[in-house]
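Working notes, beginning with the structure itself.
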Amino acid sequence: MTETPAHHPGEPHLGISGRLNWLRAGVLGANDGIVSTAALVVGVAGATTAVAPILTAGVAGLLAGAVSMALGEYVSVSSQRDAERSLLEKERRELEEDPEAELEELTRLYQDKGLSRGTAERVAVELTEHDAFAAHAEAELGISPHDLVSPWQAAIASFVSFAIGALLPLLAILLPPAPIRVPVTFVVVLIALALTGTVGARLGGAGKRRAALRVVVGGALAMAVTFGIGALLGVAV
């Protein structure tokens, strides 16, 4: 299961960066759905050609995986949100207790970014006059108090991305005739993994070919292992 990378204090909440993180998490969630469901249905297909067991296993895997992803993401983002709220409350108290010291701290932060003392002071004063709490939270903590991540949104996004990914191998294993069911699923899944690996690498700024190859090899290995186990168990039974 892949979870969305948590935001840590000190890392700015940039709009485009945040959207890219969510998109990358969605791609990775879909990738998890593809691999886990493909391995499951191919394993069952190795043991039997009957459609009912394959369909049952595939639907169960889809729902269980999507729910697990959603719960994991909800817990993770809730913990992140609680930590951010705690830091914001501490910052709010410090502003109320010693605003002058906080203004000086904000000035030094802008000096550290390369502004002259005079410019840093003007920037700090103007931002403080506009919205002191937001200015300090964003500059000191990298947290926007008006843009905290929603655990429910994260959970729903994870559920949907996993379910969409899982549907692909489920349809691929059910639609073709029995003799070519497994080969078709292998081909469809590996193509899909190559695409998700490439997209994920591009969003993350990594090498596309190597990332795609890792995902494809991992998916192929997972399906081969589960198919072999299913075939052995099918013969034994």
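The values are calculated or read from the model by the stated rules, or taken from the named source; none is laboratory data. Quick caveat: nothing in here was measured; it's all calculated off a predicted structure. Neighbour counts are summed over all protein chains in view; Cβ atoms, including those assigned to glycine, are modelled from backbone coordinates with ideal geometry.
Among the candidates Arg122, Arg117, Arg108, the residue that is touching a helix residue (DSSP H, G or I) at 6+ places or on another chain (Cβ under 7 Å) and farther than 30 Å from Pro176 by Cα is uniquely Arg117.
Among residues of region 71-129 being over 18 Å from Pro145 (Cα atoms) and of a type in the set (Ser, Thr, Tyr), the one that is surrounded by the most Cβ atoms within 10 Å (Cβ to Cβ) is Thr107. Listed by first and then second residue, the pairs with beta-carbon distance under 8 Å, at least 6 apart or on different chains, first residue in region 125-148 and closer than 18 Å to Arg108 by Cβ, second among the hydroxyl-bearing types (Ser, Thr, Tyr), are Ala135/Thr128; His136/Thr128; Ala137/Ser144; Glu138/Ser144; Ala139/Tyr110. Within region 74-113, the set of residues being over 32 Å from the mean Cα position of the chain (by Cα) and either at positive phi or in a loop (DSSP other than H, G, I, E, B) (or both) comprises just one member, Asp98.
Each residue in region 170-203 was checked for being touching a residue at least 24 places away in the same chain (Cβ under 8 Å), farther than 17 Å from Leu40 by Cα and exposed (fewer than 15 other Cβ atoms within 10 Å of the Cβ), and 0 pass.
Looking only at region 4-55, how many residues end up being at pLDDT below 85 and buried (at least 21 other Cβ atoms within 10 Å of the Cβ)?
In the first step, residues of region 4-55 are kept if they are at pLDDT below 85; the result is 4-28.
Narrowing further to those that are buried (at least 21 other Cβ atoms within 10 Å of the Cβ): 4, 7, 25-28.
So the count comes out to 6.
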